[in-house]
Amino acid sequence: MIEIQNVHKSFGQLEVLKGIDLTVQKGEVVTVIGGSGSGKSTLLTCINGLEPIDKGKILVDGTEVHAKTTNLNKLRQKIGIVFQQWNAFPHLTVLENVTLAPRKVLGIGKAEAEAIAEKQLKHVGLGEKLSTYPTRLSGGQQQRMAIARALAMSPDYMLFDEVTSALDPQLVGEVLETLKMLAEEGMTMICVTHEMAFARDVSDRVAYFHKGIMAEIGAPDQLFNDPQHPETRKFLASVR
Amino acid sequence: MFGYTFQWNQALARLPKMLDGAAVTMEVAVLSMLIGIALAVLLTLLRLSGSRPLKAIATTWVEIARNTPALFQIYMAHFGVASFGIHFSPFTSLLIGITFNNAGYLAENFRGALKAIPDTQTRAGRSLGMSQLQAFRYIILPQMLRIAFLPMTNQMVWAVLMTSLGVTVGMNSDLYGVTQDLNALTFRTFELFAIAAVIFYIITKIITLGARLIASRLFRY
């Protein structure tokens, strides 16, 4: 379970999160929508401790992420994150990209790590590309590789930060299909996205962020068909 | 021509001795590169560190190495430190001087290479549970070495050529030192130094061609 309690976060003078409260249960898929600068991406990087927070706390399975005593490297093993820019490691093959962390972080042997990686890469449809270097892949393929790379650590939670925003439109579909598949398999996910149809399809709940505040959260049907907050209404009207 | 009679045979008879010298030259150059690369990685890390004194040490090193003559650096490693009662053999002094120079130039190359690698690479590594050091070792360092590979090759060539400065601190077992001693014995100045120049040329050519071969094997992406 991920518990976000009254989280505040500023970059210099700019407060990007102004007291966020959100609890995500095991097996739940929560999507976060909202305009640019609403703080939704920042929230994800706070959850796995890549960014410090100024106030409040975040608990992952009861462990406080930003407590000084928390072993972040250990904690991150169970929280996978995939970024808008997929950040493939260019000097490693697709297979090596995926086996690196299991081998070096978890200390798994080469053969076993490769078996895990192969399974995950097949899962995302890259079974034919094991010995290819990432620069030879399309953006969509690189993004799916990044997803397999995160999954190879067998995380309990997956965070997706606008994973389709940097892709050519014709490549968005394949990545969303992969996310959909994960959701159906019961992965606990928080997805920040601009893809409204996707949010409506896969989410258990959809949250709308506006200027650092979670203006509204609810089941997709309710949020998209009967938004309560005036800002949600305005936003949805603008993206329709 | 100009009353000088070439006597190549006399000079060529000394070729085995000169090749022994070339082996010593290679030994100094290779050692100075290996230690230099390790020190350059260390200097790069110091310059990235948050500590002001560590940064200052690294920056001073790089500044001196790049902005003073290599001859001065080798001289200081021999006669300079001797003023404080520290005595090194010519071989050691030459090695220290060239290594100092290599480390400084390479550290600057590495810094440039690091700048070319986006921060998000480290971030991606950290998000997979890697420590800062693991992310550097497995993700940043290999990419950095690739970008810096060509400048490293140049520095290796430069290291070979810099060994000729060893004569100023009494080095006489390297290619240049051997040649100078043979010259004093035989006075076949032009022939001997022409042969030495050809050997230097062949060594550096082998280095650049070898590096190209290694690069094509190592960097497949």
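The values are calculated or read from the model by the stated rules, or taken from the named source; none is laboratory data. Since we're looking at a predicted model, the values are computed, not measured. Here Cβ is always computed from backbone atoms with ideal geometry, including for glycine, and neighbour counts include all displayed protein chains.
Filter segment A:70-113 down to the residues that are farther than 21 Å from A:LEU182 by Cα and of a type in the set (D, E, K, R), then identify the one that is farthest from the other protein chains (Cβ to nearest Cβ). Ranking the candidates gives A:GLU112 first. The residues of segment A:45-85 include none that are among the β-branched types (Val, Ile, Thr), in a helix (DSSP H, G or I) and free of Cβ contacts under 8 Å to residues at least 40 places away in the same chain.
How about segment A:1-36: which of its residues are among the small types (Gly, Ala, Ser) and either crowded, with 22+ Cβ neighbours inside 10 Å or within 26 Å of A:ALA219 (Cβ to Cβ) (or both)? Write out each step before concluding.
Of segment A:1-36, the ones among the small types (Gly, Ala, Ser) are A:10, A:12, A:19, A:27, A:34-36.
Once the filter is applied, which keeps residues that are among the small types (Gly, Ala, Ser) and either crowded, with 22+ Cβ neighbours inside 10 Å or within 26 Å of A:ALA219 (Cβ to Cβ) (or both), segment A:1-36 yields A:GLY19, A:GLY27, A:GLY34, A:GLY35, A:SER36.
For A:THR23, the stated conditions do not hold, so it cannot be described as farther than 17 Å from A:THR63 by Cα, assigned to a strand (DSSP E or B) and polar (S, T, N, Q). Would a scan of segment A:134-156 turn up a residue that is surrounded by fewer than 18 Cβ atoms within 10 Å (Cβ to Cβ), away from chain B (no Cβ under 12 Å) and under 16 Å from A:MET189 (Cβ atoms)? Taking every residue of segment A:134-156 in turn, at least one turns out to be surrounded by fewer than 18 Cβ atoms within 10 Å (Cβ to Cβ), away from chain B (no Cβ under 12 Å) and under 16 Å from A:MET189 (Cβ atoms).
A quick yes/no check of all residues on (1) within 14 Å of chain A (Cβ to nearest Cβ); (2) among the β-branched types (Val, Ile, Thr):
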position	(1), (2)
B:ILE96	no, yes
B:PHE100	no, no
B:ALA124	yes, no
B:ALA135	yes, no
B:PRO142	yes, no
B:LEU145	yes, no
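Scan B:ARG212, B:ARG126, B:ARG220, B:ARG146 and give me the residue that is touching a residue at least 60 places away in the same chain (Cβ under 8 Å) and among the charged types (D, E, K, R).
Step by step, each of B:ARG212, B:ARG126, B:ARG220, B:ARG146 is checked, and only B:ARG146 is touching a residue at least 60 places away in the same chain (Cβ under 8 Å) and among the charged types (D, E, K, R).
If I filter segment A:94-121 down to residues being of a type in the set (Gly, Ala, Ser) and surrounded by 19 or more Cβ atoms within 10 Å (Cβ to Cβ), which single residue comes out as nearest to A:PRO134 (Cα to Cα)? Residue satisfying both the conditions and the ranking: A:ALA117. Of all residues in segment B:76-122, those satisfying the criterion of being surrounded by fewer than 17 Cβ atoms within 10 Å (Cβ to Cβ) and either on the phi > 0 side of the Ramachandran plot or part of a helix (DSSP H, G or I) (or both) are B:PHE79, B:GLY80, B:VAL81, B:ALA82, B:GLY85, B:THR92, B:GLY112, B:LYS115, B:ASP119, B:THR120.
When each of A:THR42, A:THR31 is tested for being among the polar types (S, T, N, Q) and part of a helix (DSSP H, G or I), the lone residue that passes is A:THR42.
Listed conditions (1) over 27 Å from A:MET1 (Cβ atoms); (2) free of Cβ contacts under 8 Å to residues at least 60 places away in the same chain are all met by A:GLY35, apart from (2).
Within segment A:85-118, being more than 23 Å from the chain's Cα centre (by Cα) and among the charged types (D, E, K, R) holds for A:LYS110, A:GLU112, A:GLU114.
Against the numbered list (1) of a type in the set (Ser, Thr, Tyr); (2) more than 14 Å from chain B (Cβ to nearest Cβ); (3) within 26 Å of A:PHE198 (Cα to Cα), A:THR45 comes up short only at (2).
Against the test of being surrounded by fewer than 16 Cβ atoms within 10 Å (Cβ to Cβ) and free of Cβ contacts under 8 Å to residues at least 40 places away in the same chain, the options A:LYS234, A:LYS211 yield a single qualifying residue, A:LYS234.
The set of residues in segment B:46-62 that are in a helix (DSSP H, G or I), of a type outside the set (S, T, N, Q) and without any contact (Cβ under 8 Å) to a residue 12 or more places away in the chain comprises B:ARG52, B:PRO53, B:LEU54, B:LYS55, B:ALA56, B:ILE57. Somewhere in segment A:111-124, is a residue part of a helix (DSSP H, G or I), within 24 Å of A:GLU184 (Cβ to Cβ) and among the small types (Gly, Ala, Ser)? So far as segment A:111-124 goes, yes, one or more of its residues are part of a helix (DSSP H, G or I), within 24 Å of A:GLU184 (Cβ to Cβ) and among the small types (Gly, Ala, Ser).
Matching residues to (1) away from chain A (no Cβ under 14 Å); (2) acidic (Asp, Glu):
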site	(1), (2)
B:THR168	yes, no
B:ASP174	yes, yes
B:THR189	yes, no
B:LEU192	yes, no
B:ILE207	yes, no
B:GLY210	yes, no
B:ARG220	no, no
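All conditions in (1) surrounded by fewer than 19 Cβ atoms within 10 Å (Cβ to Cβ); (2) touching a strand residue (DSSP E or B) at 6+ places or on another chain (Cβ under 8 Å); (3) over 23 Å from A:LYS119 (Cα atoms); (4) not hydrophobic (A, V, I, L, M, F, W, C) hold for A:PRO227, with the sole exception of (1).
If the requirement is being at pLDDT 95 or above and over 11 Å from the mean Cα position of the chain (by Cα), which of these qualifies: B:LEU46, B:LEU19, B:LEU31, B:LEU12?
Step by step, each of B:LEU46, B:LEU19, B:LEU31, B:LEU12 is checked, and only B:LEU19 is at pLDDT 95 or above and over 11 Å from the mean Cα position of the chain (by Cα).
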